[in-house]
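Encoded as structure tokens, the structure appears first; notes follow it.
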Amino acid sequence: MKAKRIPTRDECFRLMSQCGMLSHIVDHSIEVARVALYLAVELNKKGQRLDLELIEAASLLHDLTKSECLKTKADHARTGSEFLRRMGYARVGEIVAEHIYLSREDDSSWVTEEEIVNYADKRVQHDHLVSLEERFRDLMERYGKSQKASEQMEQLKRATRRIENKIFSILGIDPDDLQIKISCDGRTSLPTIWIKK
């Protein structure tokens, strides 16, 4: 069986630099990783089997090609996924491809790495953890300009709410308490105790 390749944290930051990620996108990605790791660790305590290293790498790299795509208008989930697959990080690329829209909803009781990264991204506005309501208000203002775009945004919000319900029904806490539950010094520092290298 071929071992899955996952870039280390240092390799992730090298890739971010190589791809010219803008600093505010780097800050956003760090906060997404912090939220995703917190959720994954807590879910694993409840019996889930989430791969923490995989979640950290996919969270850090989910917007890997976004800086370039701001100029080209290409789909950064697709281009980032393709780039990572070419680098030999196929599984990370699969998760990156799903960070905006999940291609299918998993209705099992198991939470997937895709769901964690997708959800964490929806909870982080710029580099701040916010509620889904606040995040989708911002997304609607920025991207919901047409009737079709507005409807797609509402559909995405409903899908994200289903992921939220799945995650927090397992955790047994209110999603609005997430900010209180996450305790880590400094907003842009990643925890070291969660990942054993």
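Just a few scattered comments:
- Residue order, fewest to most surrounding Cβ atoms within 10 angstrom, among Asp51, Asp106: Asp106, Asp51
- Among Tyr38, Tyr101, sorting on how many other beta-carbon atoms sit within 10 Å of each Cβ, with the fewest leading, yields Tyr101, Tyr38.
- The Kirkwood hydrodynamic radius of segment 105-168, based on inverse pair distances between different Cα atoms, is 12.3 Å.
- Gyration tensor (alpha-carbon) shape descriptor, the chain, a/c threshold 1.5: rounded
- Among Arg161, Arg85, Arg104, the largest mean-square fluctuation in a Gaussian network model of the chain, built with springs joining Cα atoms closer than 10 Å, belongs to Arg104.
- Members of Lys73/Lys148; Lys73/Lys145; Lys4/Lys45; Lys71/Lys122 lying beyond 20 Å, as alpha-carbon distances in this model show: Lys4/Lys45; Lys71/Lys122
- Overall dimensions of segment 41-112 by Cα: Rg and Dmax, Å: 13.5, 43
- With q set to 0.15 Å⁻¹, the log10 of I(q)/I(0) for segment 1-99, from the Debye formula over equal scatterers at the Cα positions, is -0.56.
- Helices in the chain that qualify as membrane-span-like (whole DSSP H runs, Cα extent of at least 24 Å along the helix axis, mean Kyte-Doolittle hydropathy of 0.0 or higher) are 23-45.
- The packing ranking, built from the mean of other Cβ atoms within 10 Å per residue, places the peptides 58-66, 91-99 in the order 58-66, 91-99, highest first.
- A cut-off under 14 angstrom between Cβ atoms defines the neighbours of Arg78, and their net charge, with Lys, Arg +1 and Asp, Glu -1, is -2.
Every number here is computed from the coordinates shown, using simple stated rules; none is lab data. Because the structure is a prediction, the values reported are computed rather than measured. All Cβ positions, glycine included, derive from the backbone under ideal geometry; neighbour counts span all protein chains shown.
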